[in-house]
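Student: Input: one structure, supplied below.
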Amino acid sequence: MNLDSIYAEARYRAGHFVARNMGCMMKSRHAEAYLCTLSAPKRLRRMPFNPTLTKRSETAMSPTAARKPGAIGIRAKQAQDTRAKILKAAIKVFAKQGFASGRVESISKAARSHDRMIYYYFGSKEQLFVEVLETIYAQFNEAESKLDLDLDDPAHGLEQMVEFVWQYYLDHPEFVTLLSSENLHQGKHAKKSLKLKEISGYAISVVQKLLDAGQAQNVFRADVKARDVYLMIASLGYFYNANQYTLGAFLGEALMDKAALAHWREVIKDTVLRAVRLQLPAETAVMNESRIA
């Protein structure tokens, strides 16, 4: 353990000491240094004390520093940045290794942070994974909110929706991988989230607007449900991407070739539109005749 590590540990312990004593300030000028020596290995405890190590912490704890304009804002920004870096690193590690194999040490290393900061901001590895799931869904919704769906032509609007979801899965393979990992755990982390229902509610509301527009124009069935349409779009896209390797081996096809991807995208569009379009009596008769023939 080097001096930087010892000092960082001392500051961490000192912070908890102050928090436990509800504002009782550490009077000793060298309190952090004392904690530093206590947390250091025995072979380092005899090292001479360097007062300059506490200068920075003394300045930070002084009343003058506390009253500095923007000081709290800067600290909050730094904390926000650290938290965001940990989340970003966790998404990469969990997507690559899964929840079970993704280690806290790997995440802190990827975030260029410390293990204890993960526990400080998230409490546990499990809660970190819950927030990873919330984050990737929120990112999906944010991208979806930027869509300019064609409500004047709701059939075209649904095609736009299919194209967006399909392309998002292709552009963000970590999204598919993380959901697959969570499904292996039977959704136990997702069930702990208080935000996912709110997020899913928004996604379904987007589909509902398209259905309302289509029903108002008498081109969509009145009995179709937004939830069902959303499940159709999501499942047809997710299943293809999540099982691309096994399906490719089973069918003996290169499912991720450009032509194959474009073909399946059009299949999804056609399937969704056939499910929601209002079939007029004449059209129904023609379809029945073609089936009989």
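Student: Which one of these does Ala226 not meet: (1) surrounded by fewer than 17 Cβ atoms within 10 Å (Cβ to Cβ); (2) over 23 Å from Leu178 (Cα atoms)?
Tutor: The one condition Ala226 does not meet is (1).
Student: What residue, of Ala79, Ala84, is of a type outside the set (Asp, Glu), within 22 Å of Val132 (Cβ to Cβ), modelled with pLDDT of 90 or more and surrounded by 11 or more Cβ atoms within 10 Å (Cβ to Cβ)?
Tutor: Unique residue meeting the criteria: Ala84.
Student: Could you check segment 183-213 and list, in sequence order, the residues that are of a type in the set (Asp, Glu) and modelled with pLDDT of 95 or more?
Tutor: Scanning segment 183-213 gives a single hit, Asp212.
Student: Mind checking which residues of segment 244-283 are of a type in the set (Phe, Trp, Tyr) and either assigned to a loop (DSSP other than H, G, I, E, B) or more than 30 Å from the chain's Cα centre (by Cα) (or both)?
Tutor: Once the filter is applied, which keeps residues that are of a type in the set (Phe, Trp, Tyr) and either assigned to a loop (DSSP other than H, G, I, E, B) or more than 30 Å from the chain's Cα centre (by Cα) (or both), segment 244-283 yields only Phe250.
Student: For segment 139-159, indicate whether the set of residues that are crowded, with 18+ Cβ neighbours inside 10 Å, within 16 Å of the chain's Cα centre (by Cα) and outside the structural domain of Ala89 (by TED's automatic domain parsing) is non-empty.
Tutor: Yes, segment 139-159 contains at least one residue that is crowded, with 18+ Cβ neighbours inside 10 Å, within 16 Å of the chain's Cα centre (by Cα) and outside the structural domain of Ala89 (by TED's automatic domain parsing).
Student: While we're looking at this one, here's another question. Report yes if Gln97 is under 25 Å from Tyr168 (Cα atoms), part of a helix (DSSP H, G or I), over 14 Å from the mean Cα position of the chain (by Cα) and modelled with pLDDT under 95, otherwise no.
Tutor: yes
Student: Moving on. Could you figure out which of (1) farther than 27 Å from Val130 by Cβ; (2) touching a Phe, Trp or Tyr at 6+ places or on another chain (Cβ under 8 Å) isn't true of Gly237?
Tutor: (1)
Student: When you scan segment 258-293, how many residues do you find that are under 27 Å from Asp212 (Cα atoms), of a type outside the set (Asp, Glu) and modelled with pLDDT of 50 or more?
Tutor: Of the residues in that region, 16 qualify.
The values are calculated or read from the model by the stated rules, or taken from the named source; none is laboratory data. Please read these numbers as outputs of a predicted model, since none were measured by experiment. Reconstructed Cβ throughout: ideal geometry from the backbone, glycine too, with neighbour counts over all protein chains shown.
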